[in-house]
Amino acid sequence: MKFVVSRDPRLDSSLLWPFCSHNILPSPVRGRPATYHFWARNALFHGLKALGLKSEDAVLVPAFHCETVVETILHYGCRVVFYNVTREGIIDLEDLATRVDGQTKAIIAIHYFGILQPLKRLRAFCQQYQLFLIEDCAHILMGDVEGDQIGSVGDISIFSWRKFLPIYDGGLLIYNHVPPQSSLRWTNLKWWYQLKIVKNLLEKCFNERSGTQLLVFSQQGQQSIVQSSRREDVLSDAVSSQTRASEFQASQLNWPMSRWSQIILENVDLEEIVGRRKKNSTVLCQALEQLPEVYPWSSAGRHEACAWAFPVVTPTHQDIHRQLREKGIEAFSWGGVIHPSLPLEKFPDAKFLYEHLVLLPIHQSLISDEMSFMIEGLRDILKRSRAQPQEVLQ
């Protein structure tokens, strides 16, 4: 299905040229050692190794998470212990303290879509209990938290370039308080996988050149989108596309970030991307002031960080992202990426977020017409739902 408002930025062919050869890649954390991996989950795996964690060591993971984080830790051999995150997306330090035991060695703190964790307090907590702090910055491109660069406080930190750029792959591991691995041996990507990447990039360029993603900003164009795909296909896509290639694959563990993705990374203007995303975030914040049924999640919209997507809470509605996708707007949620080992009934705050948090695109390729189309689509859904009010879930 082609979306009027896509979740990911479009690829301009100019980003594939020139073919830079200096191999000096940008980093959100200046002056720190870093390694560039094929997937962010691979970066996390190697980060656990750099910390020296052993089999059966326990890692504290927030109950509100994407399953790839949990799968990576389990494949490494560590035990996962879940802890509570409040409905505002902030770590519950009181609950966290009850989860620590003699086998606990590390904590993963996730900066959710621009909702930044209190790292100074968390760092003090880790020092008190002699734990490693892993800063998960996969939803952040760059920014500052409590006077420090995001990603500079944890013993290691993880970033995901492919969430922000029109690339196929790209994860980043920052070494802040531990030395880089001396035993890391990169393996070459399979030739057929390199062809797969090239094919993907060419398709992105073609879609950009032909304008197939923009389609028509009209009611007639909106109807043609829905009619071109069966409803059940749209709903299936709303779930399956929330994460890509989520399965952990050991055969890809030592793959570096592909050269094609590195070329694009070298050619983009990160400061310009940050500025455009923050501008789109501001536009959404202003629009939501007129939509009382939907509001920004926690501190979303502040400019301390450049976020992957704009999170909104829909307390009286569920699955609004599905209705938006039927209109051609590639909104998504985390409802389909819960790891099966999570006892969700024990974490009501996480359950609420999985059910009522919707993520809206704010990427750098969006133009004003697309932003208006998304806002009007959301307004129309809420207007139609007022005729059938739903009970607020506590």
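The values are calculated or read from the model by the stated rules, or taken from the named source; none is laboratory data. These numbers were taken from a predicted model, which means no experiment stands behind them. Cβ placement follows ideal geometry from the backbone for every residue including glycine, while neighbour counts extend to all protein chains displayed. Surface accessibility is based on the protein's heavy atoms, side chains included, excluding ligands, DNA and RNA. Shrake-Rupley method; radii C 1.70, N 1.55, O 1.52, S 1.80 Å.
Structure notes:
- Whenever a residue of the stretch 257-283 is within 13 Å of G301 (Cα to Cα), its partners that are open to solvent by less than 10 Å² (accessible area, probe 1.4 Å) and assigned to a helix (DSSP H, G or I), lying with C-beta atoms within less than 6 angstrom and at least six residues away or across chains, give the pairs V283/M371.
- Put simply, of E272, E326 the only residue that is surrounded by fewer than 17 Cβ atoms within 10 Å (Cβ to Cβ) and within 29 Å of K199 (Cβ to Cβ) is E272.
This table checks each residue for (1) at pLDDT 90 or above; (2) not in a loop (DSSP other than H, G, I, E, B).
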{"position": "F3", "(1), (2)": "no, no"}
{"position": "D8", "(1), (2)": "yes, no"}
{"position": "S14", "(1), (2)": "no, yes"}
{"position": "F19", "(1), (2)": "no, no"}
{"position": "P26", "(1), (2)": "yes, no"}
{"position": "R30", "(1), (2)": "yes, no"}
{"position": "N42", "(1), (2)": "yes, yes"}
{"position": "F45", "(1), (2)": "yes, yes"}
{"position": "L48", "(1), (2)": "yes, yes"}
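- Tabulated pairs, the stretch 56-73, first more than 14 Å from I338 (Cα to Cα), second open to solvent by less than 20 Å² (accessible area, probe 1.4 Å) and among the polar types (S, T, N, Q), C-beta under 6 angstrom, 6+ apart or interchain: A58/T104
- Residue pairs meeting the criteria (Cβ under 8 Å; at least 6 apart or on separate chains; first without any contact (Cβ under 8 Å) to a residue 24 or more places away in the chain, in the stretch 288-317; second of a type in the set (F, W, Y)): P296/F310
- Taking the criterion of being free of Cβ contacts under 8 Å to residues at least 60 places away in the same chain and either in a loop (DSSP other than H, G, I, E, B) or surrounded by 15 or more Cβ atoms within 10 Å (Cβ to Cβ) (or both), the residues of the stretch 141-182 that qualify are E146, G147, V153, G154, H177, S182.
- Subset of the stretch 289-319 [of a type in the set (A, V, I, L, M) and farther than 21 Å from G143 by Cβ]: L291, V294, V313
- Filtered residues of the stretch 87-106 (kept if hydrophobic (A, V, I, L, M, F, W, C) and either open to solvent by 30 Å² or more (accessible area, probe 1.4 Å) or in contact with a Gly (Cβ under 9 Å, 6 or more places away or on another chain) (or both)): I90, L93, A97, V100
- Of all residues in the stretch 296-314, those that are open to solvent by 50 Å² or more (accessible area, probe 1.4 Å) and either modelled with pLDDT of 95 or more or farther than 23 Å from F352 by Cβ (or both) total 2.
- Any chance L342 is among the aliphatic types (A, V, I, L, M) and either open to solvent by less than 10 Å² (accessible area, probe 1.4 Å) or within 21 Å of E71 (Cα to Cα) (or both): yes
- Out of W192, W260, sole residue that is over 30 Å from Q130 (Cβ atoms), at pLDDT 90 or above and touching a helix residue (DSSP H, G or I) at 6+ places or on another chain (Cβ under 7 Å): W260
- Selection status of I362, under 19 Å from the mean Cα position of the chain (by Cα) and open to solvent by 10 Å² or more (accessible area, probe 1.4 Å): no
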